[in-house]
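Participant: Structure incoming, see below.
Every number in this text was worked out from the coordinates using simple rules, so none of it is lab data. Since the model is a prediction, treat every value here as computed from it, not as a measurement. Glycine gets a Cβ as well: all are built from the backbone with ideal geometry, and neighbour counts include every protein chain shown.
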Amino acid sequence: MPRNPDHRGATREEFERYQRERPIMLRRFATILQVWRWCDRKECRRAKACTGPADFACTTHFIQDILSEEERATFHEWMKLRLSGLGVEEAWAEATRRITRHKAQMDAIDEMRPGG
C-alpha cells in the first residue's frame, strides 16, 4: 500500500486508525498516570479518571510539562507499539525495554567521550 507523504509515512488507513485510537489512548494514559490529580476540572478529580473534553489540554500539558524526556519517549514508543497491534501491557513493557536500552546506549556513548 502506498505511503501518504502528508502523514509522515503512514498510509491513509494507518493515519485514520491513529486518529481514532489517539483520544482513547490519551484518556487511558491520563487515567493510568493519575493526571486527574493535576487537572483543573472537578469532574476528573471526583471520578479519579480523565473525563475531560476531546481536546485533552490537561493531558497535553502533563505530557509536555510534567513528564521527563525519558517518560515522554516511552509514551511515544508505547503509542507506536499499540498501533502496530500489541496489547496495552505488552506494548508498555516493550516500550520501557526499548527506551531503557536506548538510554543505556546513549550513556555508554557519553562515557566514551573525553571528560565523560
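Participant: Note the listed values [x] 13, 33, 32, 16, 5, 0; [y] 13, 31, 26, 17, 11, 2; [z] 14, 48, 33, 5, 0, then indicate which one is P(r) over Cα pairs in 10 Å bins from 0, in percent calculated from this particular structure.
Facilitator: Answer label, from the structure shown: [x].
Participant: Still on this structure, please answer the following. Quick check: pseudo-label points 7 Å beyond the Cα along Cα→Cβ at Lys103 and Asp40, how many nm apart are they?
Facilitator: 3.1 nm
Participant: Another question, if that's okay. Could you rank the peptides 12-18, 30-36, 92-98 by their average count of other C-beta atoms within 10 Å per residue, with the highest value first? Don't skip to the end; give the middle numbers.
Facilitator: On the way: 12-18: 13.6, 30-36: 18.6, 92-98: 16.1.
Per-residue Cβ counts within 10 Å, averaged per peptide and sorted highest first, yield 30-36, 92-98, 12-18.
Participant: Let me ask something else. What does the helix-only formula give at 222 nm for the chain: each DSSP H stretch with n ≥ 4 adding -39500 (n - 2.57), the total divided by the residues, and the result rounded to the nearest 500 deg cm²/dmol? Don't skip to the end; give the middle numbers.
Facilitator: On the way: 5 runs with 72 residues, N = 116.
Value at 222 nm, helices only, nearest 500: -20000 deg cm²/dmol.
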